[in-house]
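Each remark here refers to the structure printed beneath this line.
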Amino acid sequence: MAAKYSLIFIIHRRLGDHTPKRCSRYTAGRKCCINPAMIITIDGPAGSGKSTAARQLAKALGVAHLDTGATYRAVTLAALRAGIDLEDERALTDLAGRIDLRLEYDNSGELRVILDGQDVSREIRTAEVADNSHYVACSTGVREVLVAMQRRVGAELAAESGGVVAEGRDQGSVVFPDADVKFYLDASCEVRAKRRCDEMPEADYEQVLRAIRTRDERDSTRAVAPLIKPDGAVVIDTTDMNIEEVTAELLRQVRSAQ
Ligand code: DC
């Protein structure tokens, strides 16, 4: 079944003069901010700091940010809404091929996730969606659909904005194995649990720590696209780093790879 995924780019306004052809530092044949259409991947477990770092790195480079977790979350939300048995792999795959999922970027560069015409950017961040997303992430059929979408969207974003920072669990290993620069971010379970609790003051630390360990185990042992350190990835342990230090290190690595 043909998937109905599509993407609307509203990134010109966000990137302004930073797209290669418009960049004031661009002269024909020369690099501006980064190599034309550079693909950078960032993988890592929950709480490693990859989402914030990916967003900040993309901003610093003036390129697009592709949050692939949002696509798994959107399919999870669609399945919950449709009342589909989350262990029914076939039903999940059919659903993934049926829904209309769009990624849009608003004027301030924020990602908007549009599911069947409705903005679900907020709904996909609920605990219910997060807790159930592993069913969708473990489905081979759903992954095939989403990986194809991510490759297409990543290539389009990179071509349009001069580069893309693609973030997830399998970006450097499966989706973009030939990426120009690959990162794998990690941190101790304890620090990752603490970061989560800082974001959600009402959360119980021990409970969050247990959930992180369970999620790690699930992500790294699942049969399809397990979380691994991709070949050639620069591994950064963020346990003792703040987000500014992480972003600065990523930026330094990208610059030295140019
Ligand atoms: O990073 P996140 O919490 O938004 O990810 C949501 C879910 O999707 C989580 O179960 C991990 C999964 N995921 C994945 O399997 N592969 C990706 N490339 C991105 C996310």
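Each value in this text was obtained by applying a stated rule to the coordinates, not by laboratory testing. Source: prediction; values computed, not measured. Every residue, glycine among them, receives a Cβ derived from its backbone with ideal geometry; neighbour counts consider all protein chains shown.
Only lysine pairs 8 or more places apart, or on different chains, with alpha-carbon atoms under 27 angstrom apart are counted in the chain, and they number 16.
Quickly estimate the mean residue ellipticity at 222 nm for the chain, helices only: each DSSP H run with n ≥ 4 gives -39500 (n - 2.57), and the total goes over all residues, rounded to 500. Don't skip to the answer; put the middle values down first.
On the way: 9 runs with 117 residues, N = 258.
Per the formula, -14500 deg cm²/dmol.
Only Lys, Arg, Asp and Glu carry charge here, each on its Cβ (+1 for the first two, -1 for the last two); on that basis the chain has a dipole of about 1040 debye about its Cα centre. Backbone amide hydrogens, once placed in the peptide plane, bring Gly162 within less than 5 Å of Ala37, excluding anything fewer than 5 places away on its chain.
The HN-Hα couplings worked out from phi for segment 100-117 by the Karplus form 6.51 cos²θ - 1.76 cosθ + 1.60 (θ = phi - 60°) are 9, 10, 10, 10, 10, 10, 7, 4, 8, x, 6, 6, 10, 9, 10, 10, 6, x Hz, whole numbers, x standing for Gly and Pro. Projecting the Cα atoms of Val246, Ala225, Met200 onto the dipole axis of segment 179-258, where Lys and Arg carry +1 and Asp and Glu carry -1 at the beta carbon, places Ala225 farthest toward the positive end.
Remark: the Thr214-Arg98 segment gains 38.7 nm on full extension, using 0.36 nm per residue and subtracting the alpha carbon distance.
Ranked highest first by the average count of other Cβ atoms within 10 Å around their residues, in what order do 138-146, 217-225 fall?
Numbers: 138-146: 20.9, 217-225: 13.6.
Ranking the peptides 138-146, 217-225 by packing returns 138-146, 217-225.
Hey, how much of the P(r) for the chain falls beyond 25 Å, as a percent of Cα pairs? Mind showing how you got there, number by number?
On the way: 14398 of 33153 pairs.
Here the long-distance tail beyond 25 Å is 43 percent of all Cα pairs in the chain.
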